[in-house]
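Here the structure is laid out as structure tokens; the discussion comes afterwards.
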Amino acid sequence: LEKTEEELKDSLPTSTESIVSTFDELVEDCEKYIEENFPEGVEGIKAYDDDLYYGNLDPSFEAYVEMIETKKNDEYPDANADAILEELERVRERSRIKVQKGTNEAIKAGLLIIEKEISK
């Protein structure tokens, strides 16, 4: 989960579909691993982790999936919205600077033309 979150944070802003698919793939990979390596698969681990003394498997698989769902549906869409706003502000600033430079260059070019005309 930490690696997935790290990679996702680095890719923000991104599409909502990308966020959803990233977390869905994580759950699918976990379920696949459990199916291949735990007796009775996902259902078996769900029953097993409920019976652990003092919750040695913390969080349980169901709680882990719920945590991922919260990140997928709440945390990362909110972080993505913030990242989009930040990126838009950077684009605005770069555009403002570019327009300002273009305007200054046009004024300089116009002044050079006027200077040439005056000096004739």
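The values are calculated or read from the model by the stated rules, or taken from the named source; none is laboratory data. This structure is a prediction, so every number in the text was calculated from the model and none was measured. Ideal geometry is used to build each Cβ from the backbone, glycine not excepted, and the neighbour counts take in all protein chains shown. Heavy atoms of the whole protein, side chains included, go into the accessibility calculation; ligands, DNA and RNA do not. Shrake-Rupley method; radii C 1.70, N 1.55, O 1.52, S 1.80 Å.
Any residue in region 80-98 that's touching a residue at least 40 places away in the same chain (Cβ under 8 Å): show its pairings with residues that are open to solvent by less than 70 Å² (accessible area, probe 1.4 Å) at Cβ separation under 6 Å, as long as the two are six or more apart or on different chains.
Partner pairs satisfying both residue conditions: 80/12; 80/13; 83/12; 83/13; 84/13; 87/13.
Which one is most open to solvent (accessible area, probe 1.4 Å) among residues in region 14-33 that are among the β-branched types (Val, Ile, Thr) and either touching a Lys or Arg at 6+ places or on another chain (Cβ under 9 Å) or assigned to a helix (DSSP H, G or I) (or both)?
We begin by selecting, within region 14-33, every residue among the β-branched types (Val, Ile, Thr); these are 14, 16, 19-20, 22, 27.
Filter once more, keeping what is either touching a Lys or Arg at 6+ places or on another chain (Cβ under 9 Å) or assigned to a helix (DSSP H, G or I) (or both): 16, 19-20, 22, 27.
Working: 16: 84, 19: 2, 20: 49, 22: 39, 27: 20 Å².
Among those residues, the one meeting the criterion is 16.
When you go through (1) closer than 24 Å to residue 1 by Cβ; (2) surrounded by 12 or more Cβ atoms within 10 Å (Cβ to Cβ) one by one for residue 74, which number turns out not to apply?
Evaluating residue 74 over (1) closer than 24 Å to residue 1 by Cβ; (2) surrounded by 12 or more Cβ atoms within 10 Å (Cβ to Cβ) leaves (2) as the failure.
Which of (1) open to solvent by 50 Å² or more (accessible area, probe 1.4 Å); (2) over 26 Å from the mean Cα position of the chain (by Cα) is the odd one out, the single condition residue 41 does not satisfy?
(1)
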